[in-house]
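Okay, so here's the structure we're looking at.
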Amino acid sequence: MGPWQLQEAKGFVGQPELGYALIYRHHQHPEVLASLYVYPAGRVDPDQALEQQIGEIRRSLEYLVEQGNYDQVRFGKVRRFDLPLADDDPVRQVVLEAQRKADLIREELGAAGGDTPARARFRMPDSIPGRRMDARVVLKGVPYESRGYVLYRSLYYYKGRFSAPRAAISPRQLDRLAEEAMALAVSWITVDSTGSCADSTINVNPEGDLKAQLVAGVLGQEIRQEAERCREKLDESVPEGYRLLSLEFLPHHWK
């Protein structure tokens, strides 16, 4: 993943709802301990869910202090950490295509005197929502800088934890490395899902323009399915340089 090399990918036997833990090392900064966790969120309110998840990072560090693993921990404020969508991001491309279709339909329906689908509902997503929390911990008398991130993308959380001895790396440099890793993670680590998330339901008002509503509904479903990466059938081919990890959910695992 750029300068980050995957060292270990760990699943959780019997608990697919916990996703995978991925351990990375930076080839120029081996002193940075980097752990990524990719695990299911479902369809959630991003702001509320991300606040809850970043709180879990805080509670996990507090627990380590209680268990004697860390000597002490101090927390900074929780801040927004939204990553802009790349120009070649597949969600951006789908939205652009939906906007193009909507404009053509608008012209057609406008010429016929009918209603037109609202272009606003195909607004370009401008970022991937996330949160960040800084911490300073002391481990066996050694001060560490620590960073925690949680991003929400494609029905999944991407959580990152980065730590390094304060004597080995500056806080600003750790910030740069951690933010680079999170940006790479949401770009290089993709999650595709199948099952009922690929189902589509379009609601219409029988007193309105049915054609306009159906067109808007279909285009909206295209965008949602691409943003969530929901597939009717999973493509299990593995590009060169990648590794495929699979999770199988039963109904009681994730609703």
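Please give the length that would be gained between A168 and A183 if that part of the chain were fully extended, namely 0.36 nm times their separation in residues minus their C-alpha to C-alpha distance (nm, one decimal).
Numbers: separation 15, 0.36 × 15 = 5.40 nm, distance 2.33 nm.
Value of the extension gain: 3.1 nm.
Accessible area, 1.4 Å probe, largest first: how do H27, H253 sort?
Numbers: H27 130, H253 45 Å².
Order by accessible area, largest first: H27, H253.
Tell me which residues come under 5 Å, amide H to amide H, from T194 once H is placed; ignore anything under 5 positions away on its chain.
R231
Can you give the accessible area of D209 in Å² (nearest 10), computed on protein heavy atoms with a 1.4 Å probe?
About 40 Å², ignoring ligands and nucleic acids.
Shape call for region 115-255 from the C-alpha gyration tensor, a ≥ b ≥ c root eigenvalues: rounded (a/c under 1.5), prolate (a/b greater than b/c) or oblate?
prolate
Indicate the gyration tensor shape class of region 9-50 (rounded, prolate or oblate), computed on the Cα atoms with a ≥ b ≥ c the square roots of the eigenvalues: a/c under 1.5 is rounded; otherwise a/b larger than b/c is prolate and the rest oblate.
On the way: a/c = 4.60, a/b = 1.58, b/c = 2.91.
Because a/c hits 1.5 or more and a/b fails to exceed b/c, region 9-50 counts as oblate.
What list of ³J(HN,Hα) couplings, whole Hz, do you get for region 31-48 from phi and the Karplus terms 6.51, -1.76, 1.60, once you set θ to phi - 60° and write x for glycine and proline?
6, 7, 8, 10, 10, 10, 10, 10, 8, x, 10, x, 8, 10, 6, x, 4, 5
For region 136-168, which chymotrypsin sites (Phe, Trp or Tyr not before Pro) are both in a DSSP coil and crowded by at most 10 other Cβ atoms within 10 Å? All intermediate terms of the calculation are to be shown ahead of the outcome.
Numbers: sites: Y144, Y149, Y152, Y156, Y157, Y158, F162; in loops: none.
Answer in residue order: no site qualifies.
Could you count how many Lys pairs in the chain have their Cα atoms under 23 Å apart, skipping same-chain pairs fewer than 8 positions apart? Let's see the in-between values first.
Working: K10/K159; K77/K159; K101/K211; K159/K255; K233/K255.
Count of close lysine pairs: 5.
Name the most mobile residue of V94, V238, V218, meaning the one with the largest mean-square fluctuation, in a Gaussian network model of the chain with Cα contacts below 10 Å.
V238
Quick one: how many Å² of F12 are accessible to a 1.4 Å probe, rounded to 10?
70
In region 129-228, which trypsin sites (Lys or Arg not before Pro) are in a loop and have at most 11 other Cβ atoms within 10 Å, using DSSP for the loop call? Don't jump to the answer; show the numbers that get you there.
Numbers: sites: R131, R132, R136, K140, R147, R153, K159, R161, R166, R172, R176, K211, R224; in loops: K140, R166.
Those satisfying the criteria are K140.
Can you give me the solvent accessible area of D45 with a 1.4 Å probe, rounded to the nearest 10 Å²?
Solvent-accessible area, nearest 10 Å²: 90 Å².
For the chain, what does the relative contact order come out to in percent, with C-alpha contacts under 8 Å and a separation of six or more? Present the calculation step by step, with values, prior to reporting the outcome.
On the way: 400 pairs, mean separation 54.6, N = 255.
It rounds to 21 percent for the chain.
Starting from the Cα-Cα distance between H252 and R176, subtract it from 0.36 nm times their residue separation and give me the gain in nm to one decimal. Mind dumping the intermediate values first?
On the way: separation 76, 0.36 × 76 = 27.36 nm, distance 3.97 nm.
Here the answer is 23.4 nm.
What distance in nm lies between label points placed 7 Å from Cα along the C-beta direction at A21 and S196?
The answer from the label model is 3.1 nm.
Along the three principal axes, how long is the chain when you take its alpha carbons, biggest first, rounded to the nearest angstrom?
76, 37, 36
Kindly report the accessible area of the chain per residue (heavy atoms of protein chains, probe 1.4 Å, no ligands, DNA or RNA), in Å². Walk me through the numbers on the way to the answer.
Numbers: 14730 Å² over 255 residues.
Per residue, the chain has 58 Å² of solvent-accessible surface.
Take the alpha carbon gyration tensor of region 43-101, find the square roots of its eigenvalues, order them as a ≥ b ≥ c, and report rounded if a/c is under 1.5; if not, report prolate when a/b exceeds b/c, else oblate. Can you show the working numbers first?
Details: a/c = 4.07, a/b = 3.26, b/c = 1.25.
Cα axes put region 43-101 in the prolate bin.
Which loop-located trypsin sites (Lys or Arg not before Pro) does region 43-76 contain, where loop means any DSSP state but H, G, I, E or B and the Cβ has at most 15 other Cβ atoms within 10 Å? Don't skip to the answer; put the middle values down first.
On the way: sites: R43, R58, R59, R74; in loops: R43.
Filter output for region 43-76: R43.
Using 0.36 nm times the number of residues separating V142 and L244, minus their current alpha carbon distance, what extension gain do you get?
Values: separation 102, 0.36 × 102 = 36.72 nm, distance 3.73 nm.
Working it through step by step, the gained length comes to 33.0 nm.
In whole angstrom, how far apart do the alpha carbon centroids of region 9-60 and region 140-208 sit?
8
Which whole-Hz couplings ³J(HN,Hα) result when phi for each residue of region 168-179 is put into the Karplus expression 6.51 cos²θ - 1.76 cosθ + 1.60, θ = phi - 60°, listed in order with x for Gly and Pro?
9, 8, 7, x, 5, 5, 5, 4, 4, 5, 5, 5
Show that you can apply the helix-only estimate: for the chain, add -39,500 (n - 2.57) for every DSSP H stretch of four or more residues, divide by all residues, and state [θ] at 222 nm to the nearest 500. Before the final figure, lay out each step's value.
Numbers: 4 runs with 80 residues, N = 255.
After summing the helix terms and dividing by the residues of the chain, the value is -11000 deg cm²/dmol.
Counting only protein heavy atoms and a 1.4 Å probe, tell me what percentage of the chain's accessible area is made up of carbon and sulfur.
On the way: 7280 of 14730 Å².
Carbon plus sulfur share of accessible area: 49 percent.
The values are calculated or read from the model by the stated rules, or taken from the named source; none is laboratory data. In this text, all values refer to a predicted model and were calculated from it rather than measured experimentally. When we count neighbours, we look across all protein chains shown, and the Cβ atoms used for this are built from the backbone with ideal geometry, even at glycine. Heads up: the accessible areas ignore ligands, DNA and RNA and are worked out on the full protein's heavy atoms, side chains in. Shrake-Rupley method; radii C 1.70, N 1.55, O 1.52, S 1.80 Å.
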